[in-house]
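Chemist: One structure, pasted below without further comment.
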Amino acid sequence: MSTQVDSAQLEHKSRMDSQTIMLVDDDPIFRRFTSVVLEKEGFFVIEAEHGLDGLQKLREEVPDLIICDISMPILNGIEFAEEVSWEYPEVPMIVVSATDDMSDVARALRFGIKDFLTKPISAPKHLLSAISIILEDENKHSNASRDFSSQWFRVGEQGDVPDDKELYWHLDYLKDNPSAAKDLLNALLPDRDTKQGKWKCSYSLLQSLENMPLVFDYAWLIDGQFAFYVVDSTTEAGDGVATSLLIRALFNDTLRRQNLSKAMLADFAENLERGLECINGVSPVSALIGIADMTDGTVSILPAGLEAIWTQGAKKVHIEAGHRLGMGCLKNTIIEDLSILCGGKLNIANIGVSHFSLDIKPDLK
């Protein structure tokens with residue numbers, strides 16, 4: 001009797017000391033294989049046969065991380081990821097896809113997944129590495145927003161990228177699969193329209209399906225400013241996806257540390273240049289960075305290889321491309337005090353390839 005009690009106590013203590021991973025997959029062989037791998041590493045594994053089963057088990061226990069297949073009966077991985085993002089936004093997720101088609105994975109990105117893996121997982125070290133990176137990041141930044149691209153670049157506490165010359169394995173996958181890369185970058189585009197207070201911003205983006213896309217992102221800052229950037233992911237070396245994702249990771253990390261404002265535009269560009277210097281597999285790109293200050297009704301723009309036109313009523317300002325990002329863009333002149341009091345529009349056109357426009361104006365409704 002005493003032996004049984006001691007054994008139960010030891011099992012309970014071991015269970016309490018372990019981090020919990022929920023594995024949601026309708027393939028029992030994959031679940032068993034993956035569970036064995038995880039249990040050998042000291043994780044406690046909760047298995048679920050499909051999305052609905054996963055949601056039911058989540059109500060009994062919330063794990064430290066969820067690994068979920070995309071294609072499942074009853075409640076598929078996309079539907080499951082959406083439910084988890086609403087009910088358990090603090091729980092990080094990795095999705096697994098059995099095909100090279102990134103369309104489903106791209107849809108899942110909208111629900112804050114942390115990483116993706118492709119079946120079969122021939123090297124368990126890829127899975128264990130992804131889990132380790134995510135759990136470590138969650139421990140450091142438990143209140144940070146969930147960001148997919150930042151998992152591929154270990155952004156340091158000071159906003160730096162460690163000089164370890166190492167990218168994660170799935171960047172190679174994206175480089176070898178350009179259609180998947182395009183799906184991924186397009187899925188990361190933000191909402192077309194956004195408002196804050198008495199201001200609204202909207203953008204349009206038309207581009208050829210034959211070329212790597214323009215990448216755009218924006219964020220409202222806490223002091224009434226609006227930060228944005230545009231990157232042309234086409235590069236001669238074919239590493240525009242990795243470069244775009246690095247820029248996105250550094251942008252989001254700068255936002256998290258609240259180190260971005262109109263006065264710090266050059267500092268942000270310098271940080272991006274440092275990031276491009278210290279990692280293999282990325283290269284200089286054509287870009288443009290801007291910050292609108294709604295408190296004084298002006299926009300500041302740093303060109304970094306993309307030529308643009310700023311239009312305000314009948315007035316047009318030509319913004320020369322200058323040095324590319326990663327090739328000394330700080331030598332370019334920051335165009336300051338472009339008025340948005342009556343509205344303004346930024347246009348970037350590459351005839352036959354892409355056209356981008358961003359409208360910033362007061363909301364008169």
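The values are calculated or read from the model by the stated rules, or taken from the named source; none is laboratory data. Small disclaimer: the values here were computed from a predicted structure and weren't measured. In this analysis, Cβ positions are derived from the backbone assuming ideal geometry, glycine residues included, and neighbour counts consider all displayed protein chains.
Chemist: If we keep just the residues of segment 294-307 that are among the small types (Gly, Ala, Ser) and surrounded by fewer than 23 Cβ atoms within 10 Å (Cβ to Cβ), which is nearest to SER233 (Cα to Cα)?
Modeler: GLY305
Chemist: Of everything in segment 16-44, what is of a type in the set (Gly, Ala, Ser) and either touching a residue at least 60 places away in the same chain (Cβ under 8 Å) or in a loop (DSSP other than H, G, I, E, B) (or both)? Give them in sequence order.
Modeler: So the first thing to find is which residues in segment 16-44 are of a type in the set (Gly, Ala, Ser), and the list is 18, 35, 42.
The answer is SER18, GLY42.
Chemist: Further question on the same structure: Quickly run through segment 280-293 and pick out the residues that are surrounded by 21 or more Cβ atoms within 10 Å (Cβ to Cβ) and part of a loop (DSSP other than H, G, I, E, B).
Modeler: Once the filter is applied, which keeps residues that are surrounded by 21 or more Cβ atoms within 10 Å (Cβ to Cβ) and part of a loop (DSSP other than H, G, I, E, B), segment 280-293 yields VAL282, PRO284.
Chemist: Follow-up. Does segment 48-62 hold any residues that are in contact with a Lys or Arg (Cβ under 9 Å, 6 or more places away or on another chain) and under 23 Å from SER132 (Cβ atoms), and which are they?
Modeler: ALA48
Chemist: Looking at segment 45-63 only, could you name the residues that are assigned to a helix (DSSP H, G or I) and either of a type in the set (Phe, Trp, Tyr) or surrounded by fewer than 14 Cβ atoms within 10 Å (Cβ to Cβ) (or both)?
Modeler: Matches in segment 45-63: GLN56 only.
Chemist: Just a yes or no: is a residue in segment 341-351 part of a loop (DSSP other than H, G, I, E, B), at pLDDT below 95 and closer than 17 Å to VAL231 by Cα?
Modeler: Yes: segment 341-351 contains one or more residues that are part of a loop (DSSP other than H, G, I, E, B), at pLDDT below 95 and closer than 17 Å to VAL231 by Cα.
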